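Peer 1: Quick one: the structure is below, questions incoming.
The values are calculated or read from the model by the stated rules, or taken from the named source; none is laboratory data. It should be emphasised that the depicted structure is a prediction, and the values quoted were computed from it without experimental measurement. Positions of Cβ are generated from backbone atoms using ideal geometry, with glycine treated the same way; all protein chains shown enter the neighbour counts. For the accessible areas, the whole protein counts, side chains as well, though only heavy atoms, and no ligand, DNA or RNA atoms are used. Shrake-Rupley method; radii C 1.70, N 1.55, O 1.52, S 1.80 Å.
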Protein chains: 2
Amino acid sequence: MNSISLTVWPLTKERFAAFGNVVETDGADHHPINDGKAERYHDLAGVDVDAEGGRPLVNIFRGKPWTFPIAIKMLERHPLGSQTFMPLTRLPYLVVVADQADGDEPGMVHAFLSEHGQGVSYHRNVWHHPLLVLEATADFLVIDRGGPGENLHEHHFESDSGYVIDAMSIVSRS
Amino acid sequence: MNSISLTVWPLTKERFAAFGNVVETDGADHHPINDGKAERYHDLAGVDVDAEGGRPLVNIFRGKPWTFPIAIKMLERHPLGSQTFMPLTRLPYLVVVADQADGDEPGMVHAFLSEHGQGVSYHRNVWHHPLLVLEATADFLVIDRGGPGENLHEHHFESDSGYVIDAMSIVSRS
């Protein structure tokens, strides 16, 4: 096995911008509603699911925890729709994405760690790893696309390559 | 003031069916995904936002707590779109809705108390009260409609009528 160790960066809007949105109140446009009894942080996810007759689905994904070292053996992408993951707990989770590249293979792979309940919304066709929950089983509200058409591409790394994430690979946010 | 005291029922799919969906894993269709590392509870909210060129928005509402007794002085409805509220905490909150009635006024008013992180999704045009957070400031992920058209009706009860909810009005779930 000839895996590449992935450095895990703190998840921020700036680092994640090429891949999608970070769903969080920090730095988001907002305005008071309901006579001041609530604040609306507006249009955070960039939902994009209507291609080819698509419609938005709201689901709960219940993810089981992964344990280090985590082998990244595949990535997937959804050519017809964005996919938003909002944690219903404050537990951290890993976000693994890849650059677009020519052809059907993912480019350079990047890893991030969420904190304090940050959500992520992958743009259409962005390579990403399925849910990587860490500490305990955790629920996410997921907004994705239902409808006709082929909306899943998978890429499986060769068995002698791939990527690995270890607890030591995590860069502290401070 | 001649307010009517509202009894607050435990929020269940059955009681809420005429008004919208309860977003929860209990009793929902689900299937394994991601090689068994996650379970997908599928299409829970019945999102319906595409009328008249609408599109889905994902927002965070940060609600301030209300204190008992709570006076219900108005209701609103969105004729062009559903509106889904998913709490990002496990704190209980109140859900107040009204039956459809002839004309532009709400019918009989009903109140429910959520538990354990249940979300609600109001169907299009269902009369409801804005967010009623109880114990502490709490965030909700809200999926609603953006786009052209008039998507808000409000009904204000006469100053000598309306409804009131007291802590004593809550029916225990047991």
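Peer 1: When only the heavy atoms of the protein chains count and the probe is 1.4 Å, how do B:Trp127, B:Trp66, B:Trp9 rank by accessible area, highest first?
Peer 2: The ordering from most to least exposed comes out as B:Trp9, B:Trp66, B:Trp127.
Peer 1: Taking the Cα atoms of chain A, what is the range of coordinates along each of the three principal axes, in descending order and whole Å?
Peer 2: Here the Cα extents, ordered largest to smallest, are 60, 43, 28 Å.
Peer 1: Shortest first, in nm, what separates the label point of A:Ala71 from those of the same position in the other copies (7 Å along Cα→Cβ)?
Peer 2: 6.6
Peer 1: Ok, one more. Considering the rotational relationship between chains B and A, which residue of chain B contributes the beta-carbon of minimal distance to the axis, and what is that distance to the nearest Å?
Peer 2: Whole-Å result, nearest residue of chain B to the axis: B:Pro56, 2.
Peer 1: Hey, got a sec? Which GluC sites (Glu not before Pro) in region A:31-140 land in a DSSP loop and have at most 15 other Cβ atoms within 10 Å?
Peer 2: Sites meeting the loop and neighbour criteria: A:Glu115, A:Glu135.
Peer 1: If you build a Gaussian network model of chain A, linking Cα atoms that sit under 10 Å apart, which residue out of A:Thr12, A:Thr84, A:Thr67 swings the most?
Peer 2: Answer for the Gaussian network model of chain A: A:Thr67.
Peer 1: Right, here's the next one. In 10 Å bins starting at 0, how do the alpha-carbon pair distances of the protein assembly as shown split up by percent?
Peer 2: Bin by bin from 0 Å, the calculated values are 5, 24, 32, 22, 11, 5, 1, 0.
Peer 1: Sticking with this structure for a sec: Tell me what chain B gives for mean residue ellipticity at 222 nm when only DSSP H runs of n ≥ 4 count, each as -39,500 (n - 2.57), the sum divided by the residue total, rounded to 500 deg cm²/dmol.
Peer 2: Value at 222 nm, helices only, nearest 500: -500 deg cm²/dmol.
Peer 1: May I ask for the net charge around B:His31, where only other residues with Cβ less than 14 Å from the Cβ of B:His31 are counted and Lys, Arg are +1 while Asp, Glu are -1?
Peer 2: That sum, taken over residues with Cβ under 14 Å, equals -1.
Peer 1: Can you tell which of B:Leu44, B:Phe19, B:Ile60 lies farthest toward the positive end of the dipole of region B:15-128, using +1 and -1 charges on the Cβ of basic and acidic side chains (Lys, Arg; Asp, Glu)?
Peer 2: The one lying farthest along the dipole's positive direction is B:Ile60.
Peer 1: B:His116 label points, 7 Å along Cα→Cβ, one per copy: pairwise distances from this copy to the rest in nm, shortest first?
Peer 2: From this label point to the equivalent ones elsewhere in the assembly: 3.0 nm.
Peer 1: Excluding B:Val22 itself, what net charge comes from residues whose Cβ is under 13 Å from its Cβ, given Lys and Arg +1 and Asp and Glu -1?
Peer 2: -2
Peer 1: Ok, one more. Rg (Å, one decimal) plus Dmax (Å, integer) for the alpha carbons of region B:55-135?
Peer 2: Reported Rg and Dmax, both Å: 13.0, 37.
Peer 1: Could you sort B:His128, A:His153, A:His110 by accessible area so the largest value comes first, with the probe set to 1.4 Å?
Peer 2: A:His153, A:His110, B:His128
Peer 1: Placing a label point 7 Å from Cα toward Cβ, how far apart in nm is A:Asp50 from its equivalents in the other copies, listed shortest first to one decimal?
Peer 2: Copy-to-copy label distances for A:Asp50: 0.8 nm.
Peer 1: For chain B, what is the relative contact order in percent, using Cα pairs closer than 8 Å and at least 6 residues apart in sequence?
Peer 2: Worked out over chain B, it gives 38 percent.
Peer 1: Taking loop as defined by DSSP and a crowding limit of 13 other beta carbons within 10 Å, which trypsin sites (Lys or Arg not before Pro) in region B:1-98 fit?
Peer 2: Those that pass, being in a loop and sparsely packed, are B:Arg90.
Peer 1: I've got another one for you. Classify region B:117-174 as rounded, prolate or oblate from the Cα gyration tensor: take a ≥ b ≥ c as the square roots of its eigenvalues, call it rounded if a/c is under 1.5, otherwise prolate when a/b beats b/c and oblate if not.
Peer 2: The shape class here is oblate.
Peer 1: Can you tally the net charge around A:Leu80? Count Lys and Arg as +1, Asp and Glu as -1, for every other residue whose Cβ sits under 14 Å from the Cβ of A:Leu80.
Peer 2: -2
Peer 1: Which of A:Ser159, A:Ser82, A:Ser121 moves most in a GNM of chain A, Cα contacts under 10 Å?
Peer 2: Looking only at A:Ser159, A:Ser82, A:Ser121, the largest GNM fluctuation is found for A:Ser159.
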